[in-house]
Every structure is written in C-alpha cells, then in structure tokens.
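The structure appears right after this line, and notes come after that.
Nothing in this text is a laboratory measurement; each read-out follows from the coordinates by a stated rule. Because the structure is a prediction, the values reported are computed rather than measured. When we count neighbours, we look across all protein chains shown, and the Cβ atoms used for this are built from the backbone with ideal geometry, even at glycine.
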C-alpha cells in the first residue's frame, strides 16, 4: 500500500512539474523581449515586473512538487513547505473552481472580447487555453501530491477530531482573532458578491470598462471563499460539533484562506500596477477595491495564524494526551487558569 501511494505521489508531482513548462516557457519569452502570442509588443514591456513575479511563482510550484517526492522534502522545515503550498492551494484551487464556472457562463452568454491574461494588451486566442489549462492540470496534480505528502508527514490531521484540539490558555485570543477574521470576511463577501452581481461602485474605471463573465465569476468565488474561511475557522476555535473529523473544516479553512490571501496579494500588485494612475500623491485616496483586497489579505493571515497556533498546541500535547469531553470542565493544573474545554 505504501509503495503504491508513493508511486501515485511521485506521478502527481512530476505531472505538476510538466504542467508548468508551457507557462514558464511563455513567460521566459516575454521576459526576454519575445512577445509571442501578443498583439501589442509594448504591453509586454510594461508588464515586465508582473511577468517576472508570475514566473517566480510557477518556479516555486516546481520546487514544491520536487519536495513532495524527494527524500529531502520530508526533512524540510514544515513552515518552508506549508506556507508556499498554502498560497499555491489558494491560487490554484480557486482556478479549479472558477474555470468551469467561467466556461459555463461563456457558453450561456456567448464569448466576449477578452483582454490579455496579465492585463491590458491583447493576446492570441491560444494563450488562454494554454495558460489556464496548464494551471488546471498543475492544480489537480500538485494538490494531490501534497495531500499524500501531508498524509505521511502529519498523519494525525486525518485521524483527529475537532474536540481533540486542546483547551489552551490562548483559546480566548484565538476566538477573538477568529471573530475579527469573520467580520472582515463577511465584509469582503458582501463587496465581492455585489461586484459579481454587476455592481460597479468602488471599481476603477478600467475594470468597469472591462467587466466580463470571468471577472464576475472570480468575484463570486472570492465571496464564497470569504464565507467558507470564516465558517471553518469559527467551527475550529469554538469546537462546533467536536466529534466530527478535524480534516474537513481544516481543509476548507486551508483552501479558502489561501485563496483570500493569494488572490488578494496578487490583485493588489497586478491591478495596482495596471489600473491605477496617480498624478498627485498628495491627493491620492485609496478606492474601495484596494481596501477589499487588503481585507482579504488580512483575513487570510488571521486564519493562518489562528490555525497554526491551534495545530502547534495540538502537536505539543502529544497523541496520548487526554482531551476534555464536551461539557466537561477541566481542573486547572498548578499555575494555570481554569479553562473550559468546550
């Protein structure tokens, strides 16, 4: 069984590496002054920094895939693997959800003129399927490889229940941060849902003019991710349904928070570089969209911090540590406060 699992993990990892080749090749050509597939060569020069950033992000995905299949990957510090994979899961997982919805919306409404994949400047019709088809394959393969890697490195995450999380002295702080994250997430969800429904208040003029089904789908998916991240985190910190497996809300919080953080950061950089023109910094006032994007990033970070603290405390407690039953009040140990488990 272990041999078969290792073979599946290695196969998925190498498929993920192969899926990055078309995108990395295209970005390499653009970065070296060869605007293949672009109708506007000058646009590639304007987007040089954005192209370099996306090239680096896909290169990190290659390193992650190798870590999941090579022996040195199991010895790498957990944070060095978990953080970039958290971001990658959010970015690629969102594409896996949004891409089918976008294709359905195009079939129902008919194709519309589309701007370049990274911003202004038209690209050839073949660029979109090459880029996003590669992202879809890469997402499925990389997430599969990571799931098998995590199953071997952190097996307790699959067996533990929500009630197994310790009732630690930091639980009150975790709950306060979770409530802040939930309020921010609901604000993000409201704004994104409004834009997905066709609202334009708070959007830069360039995005209002370029509003299309793809943008609406991404806004709708972001709204769902914001609600899902908040609900999953509250389930964990308030120990809702403590006898249920930990892996379900943990997976939801992992993916949704990674989506909020990854896409929020990406949009702050990419859209800020391509849609914002400031002629006088003294009169510059941030619009609603940058505030929503910043709230996404903060929400994702809060979920990450609370989840990391809770899982670290669970690991420190050890697999044999006794947990309080639902409704049970633990007696405090010397030097500690009386903490209620649930």
Gain in length, residue 128 to residue 29, computed as 0.36 nm per residue apart minus the alpha-carbon separation, to one decimal in nm?
-> 34.0 nm
Residue 151/residue 18 FRET efficiency (R0 35 Å; Cβ-Cβ; nearest 0.05) | 0.95
Which values of log₁₀ I(q)/I(0), to two decimal places, follow from the Debye formula for the range 1-153 at q = 0.10, 0.20 Å⁻¹ with a uniform point scatterer at every Cα?
-> -0.41, -1.21
Length released on extending from residue 305 to residue 183, taking residue separation times 0.36 nm less the Cα-Cα span = 42.3 nm
Shape call for the range 14-91, from the Cα gyration tensor axes a ≥ b ≥ c (a/c under 1.5 means rounded, otherwise prolate when a/b beats b/c, else oblate), comes out prolate
Distance in nm between pseudo-label sites at residue 173 and residue 101 (7 Å out along the Cβ direction from Cα) | 3.6
Could I have the simple spin-label model distance between residue 312 and residue 161, label points 7 Å from Cα toward Cβ, reported in nm to one decimal?
-> 2.8
Hits in the range 140-181: amide N under 13 Å from the 7 Å Cα→Cβ extension of residue 2, namely 152-153
Average Cα contact separation per residue, the range 1-153, under 8 Å, 6 or more apart, as relative contact order % | 42
By its C-alpha gyration tensor, with a ≥ b ≥ c as the square roots of the eigenvalues, how is the range 123-170 shaped: rounded for a/c under 1.5, else prolate for a/b larger than b/c, else oblate?
-> prolate
